[in-house]
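Structure record follows, encoded as structure tokens.
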Amino acid sequence: SKYHGYPCYNFRCKRGKTCKLDADNKPRCACQEPAECPASTNTFDNVCGTDNRTYDTSCHLFATKCNLDGTKTGHRLHLDYSGPCKLIPPCLENELSQFPLRMRDWLKNVLLQLYELDSMSPGYLTPKQRFKVKKIFENERRLYPGNHTVQLLAQDFEKNYNMYIYPVHWQFAQLDQHPSDRVLTHSELAPLRVPLVPMEHCTSHFFQKCDADKDKQVSFKEWTSCFGIKNDDMDPNLLF
């Protein structure tokens with residue numbers, strides 16, 4: 001089915017669906033059967049669904065979800081995290097308050113890494129992003145990456161608050177792509193959330209709490225306030 005001229009060639013379908021020809025030989029998207037998915041090669045391919053069931057691959061999960069379309073079970077089924085399902089310990093209140101401290105520090109360090117890579121071979125950051133990160137990179141007061149205590153991270157956020165404003169905006173913009181409407185849906189949050197959950201057990205709880213109005217989406221305002229950014233420092237211009 002990879003030939004030019006074949007109606008399904010380059011015909012895109014969303015996850016869980018595949019291109020099939022109808023009676024008139026016209027391409028259309030139809031639910032994939034889980035059995036049609038390529039088998040996993042190792043446990044790294046496994047994913048855990050929100051139904052607490054381990055799926056062989058994400059293809060198997062999305063195909064299952066598609067075939068349950070229109071049902072409550074299908075509506076509730078999402079990709080929860082990478083790897084086989086395991087016991088995720090409950091997130092305690094004090095742990096929940098520590099999560100944004102580590103997350104902000106990590107976002108800042110990711111951007112600084114991209115800045116260093118971009119200095120060696122341009123293309124990792126846009127000129128505007130580079131200009132913003134350069135200010136953080138050249139600031140002598142910045143906290144260098146390391147296994148820091150929660151107390152130190154909290155102190156640094158107070159002392160160097162301005163260094164964290166841009167990384168929080170940058171991550172929101174990275175996720176807000178389908179469509180770019182200043183609101184993060186469950187699937188837009190997935191690239192950040194899914195790999196994090198097995199390492200940071202408060203991840204899901206944190207993003208649920210960010211959704212202050214409980215509309216199943218995280219708005220730009222909810223996101224920034226969740227990370228401790230003041231209302232006056234919320235700047236849509238930083239998203240581009």
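Inside the stretch 137-154, can you point out the residues that are closer than 12 Å to D105 by Cβ and part of a helix (DSSP H, G or I)? Those that are closer than 12 Å to D105 by Cβ and part of a helix (DSSP H, G or I): V150, L152, L153, A154.
Residues considered: L125, L114, L152. Of these, the only one that is hydrophobic (A, V, I, L, M, F, W, C), assigned by TED's automatic domain parsing to the domain that holds M103 and more than 19 Å from H169 (Cα to Cα) is L152. Picking from residues in the stretch 3-34 that are assigned to a loop (DSSP other than H, G, I, E, B) and among the basic types (K, R), the one that is nearest to S58 (Cα to Cα) is R15. Scan the stretch 139-156 for residues that are at pLDDT 95 or above and among the charged types (D, E, K, R) and the total you get is 1. From the residues in the stretch 69-120 that are part of a helix (DSSP H, G or I) and aromatic (F, W, Y), which one is farthest from D51 (Cα to Cα)? So, considering only residues that are part of a helix (DSSP H, G or I) and aromatic (F, W, Y), the one farthest from D51 (Cα to Cα) is Y115. Applying the criterion of being within 12 Å of H201 (Cα to Cα) and crowded, with 16+ Cβ neighbours inside 10 Å to the residues of the stretch 82-97, the residue that is modelled with the lowest pLDDT is I88. For the stretch 128-149, a residue qualifies if it is closer than 18 Å to Q174 by Cβ, surrounded by 13 or more Cβ atoms within 10 Å (Cβ to Cβ) and without any contact (Cβ under 8 Å) to a residue 24 or more places away in the chain, and exactly one does: R130. Note on the stretch 197-226: residues that are in contact (Cβ under 8 Å) with a residue 60 or more places away in the chain and not basic (K, R) amount to 10. When the residues of the stretch 181-193 are filtered to those that are under 14 Å from P236 (Cα atoms) and in contact with a helix residue (DSSP H, G or I) (Cβ under 8 Å, 6 or more places away or on another chain), the one that is surrounded by the fewest Cβ atoms within 10 Å (Cβ to Cβ) is R182. Against the conditions (1) within 19 Å of the chain's Cα centre (by Cα); (2) farther than 23 Å from R193 by Cα, where does S119 fall short? Just the number, please. Tallying (1) within 19 Å of the chain's Cα centre (by Cα); (2) farther than 23 Å from R193 by Cα, S119 fails exactly one: (1).
Condition first: part of a helix (DSSP H, G or I), under 21 Å from A190 (Cα atoms) and touching a residue at least 12 places away in the same chain (Cβ under 8 Å). Can you find one or more residues in the stretch 44-52 that meet it? Among the residues of the stretch 44-52, at least one is part of a helix (DSSP H, G or I), under 21 Å from A190 (Cα atoms) and touching a residue at least 12 places away in the same chain (Cβ under 8 Å), which makes the answer yes.
The values are calculated or read from the model by the stated rules, or taken from the named source; none is laboratory data. Just so we're clear, the structure is a prediction, and the values are computed from it rather than from any experiment. When we count neighbours, we look across all protein chains shown, and the Cβ atoms used for this are built from the backbone with ideal geometry, even at glycine.
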